[in-house]
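Scroll down for the structure; my scribbles are underneath it.
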Amino acid sequence: MSMPFYMSPEQVMKDRADYARKGIARGRALVAAQVAEGILIVADNPSSTLRKVSEIYDRIAFAGVGKYNEFDQLRVAGVRAAELKGYQYSREDVDARGLANQYAQILGDVFSTSGPKPLEVELLIAEVGSTLPDDRLFHVLYDGTLLDERNWCVLGGDAEAIAQRMAESFVAESAMDACLKVAVAALAGGDRKLSATELEVATLDRSGRRRCFRRLDHATVTRMLG
């Protein structure tokens, strides 16, 4: 009689975590930062059609790194959940924390179940407030871990090195133009030069009355980079 194959739960979780991290590391990174005018999100993304950064609701943005088809399905689910809650209750009841908790639960459930593989994604849920201390940056990891970030956060491949460069150069409450240059330099590192056509840049405008999400075109980004 053959003995059943056994692997410890710790080893299973480690293997699933390694698998998810490797998948995410193959993708390009993005940086989000709080600026005087709102929240700036800059993604290393040369595609003009496959978007990493999108609007979820009035003052809330979504960004994902990793496998595009996986985080885009999560984006669509978030839009539906936000619209449903806003319709059933009020638009003011829809907030980034609630959406981030839902995403954390979904990713955590998928990671811990015995399915074929975990989701190879990291998510950012950003909400702009009327003042800078009211801004929210929620970073959701592949295993459902939820992080409440302040000032700036980095998602995706080579995140540790990019975060170190951001820490060295980031200035709190800086203007958007200055912060964009810092973010692009952090994403590029010392051996690359990123042009506007290789970037996806979006903002949550603090002065917006309801819909605050704005996507910046290549000409605007080029001008801001000087």
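Computed from the coordinates by the stated procedures, all read-outs in this text should not be read as laboratory data. All values reported here derive from a predicted model rather than from experimental measurement. Cβ placement follows ideal geometry from the backbone for every residue including glycine, while neighbour counts extend to all protein chains displayed.
Under a Cβ-only charge scheme (Lys and Arg +1, Asp and Glu -1), can you give me the dipole magnitude of the chain about the Cα centre, in debye to the nearest 20? Provide the component values of the computation, followed by the final result.
Values: 29 positive and 32 negative charges, 98 e Å.
With Lys and Arg at +1 and Asp and Glu at -1, about 480 debye.
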Lys193 and Asp217 label points (each 7 Å along its Cα→Cβ direction) are spaced in nm at 2.5
PRE reach from Ser47 (point 7 Å along Cα→Cβ): which of the range 204-226 fall under 19 Å by backbone N? 215-218
Put +1 on the Cβ of each Lys and Arg and -1 on the Cβ of each Asp and Glu in the range 28-225; which of Ala185, Cys153, Val76 then has its Cα farthest toward the positive end of the dipole? Val76
Would you work out which of Gly144, Ala36, Leu199 lies farthest towards the positive end of the dipole of the chain? Charges go on Cβ: Lys and Arg +1, Asp and Glu -1. Leu199
Could you work out how far apart the two model spin labels at Thr145 and Ser207 are, taking each label as a point 7 Å from the Cα in the direction of the beta carbon, and quote it in nm? 3.9
In degrees rounded to 10, the 0-90 angle between helix 159-169 Cα long axis and the longest Cα principal axis of the chain is 30
Could you sort out which of Lys52/Lys85; Lys52/Lys193; Lys14/Lys193; Lys117/Lys193; Lys67/Lys193; Lys14/Lys67 sit more than 28 Å apart by Cα distance in this structure? Lys14/Lys193; Lys117/Lys193
Taking the alpha-carbon centre of each part, the distance from the range 50-81 to the range 187-226 in Å is 18
Pairwise label distance in nanometres, Gln73 with Glu160, each label 7 Å out on the Cα-Cβ vector: 3.1
Between 0 and 90°, nearest 10: helix 9-25 axis offset from the chain longest Cα axis: 30
Ordered by residue, what ³J(HN,Hα) values in Hz, to whole numbers, does the range 95-109 give under the Karplus form 6.51 cos²θ - 1.76 cosθ + 1.60, where θ = phi - 60° and Gly and Pro are x? 9, 5, 4, x, 5, 4, 5, 5, 5, 4, 5, 4, 5, x, 5
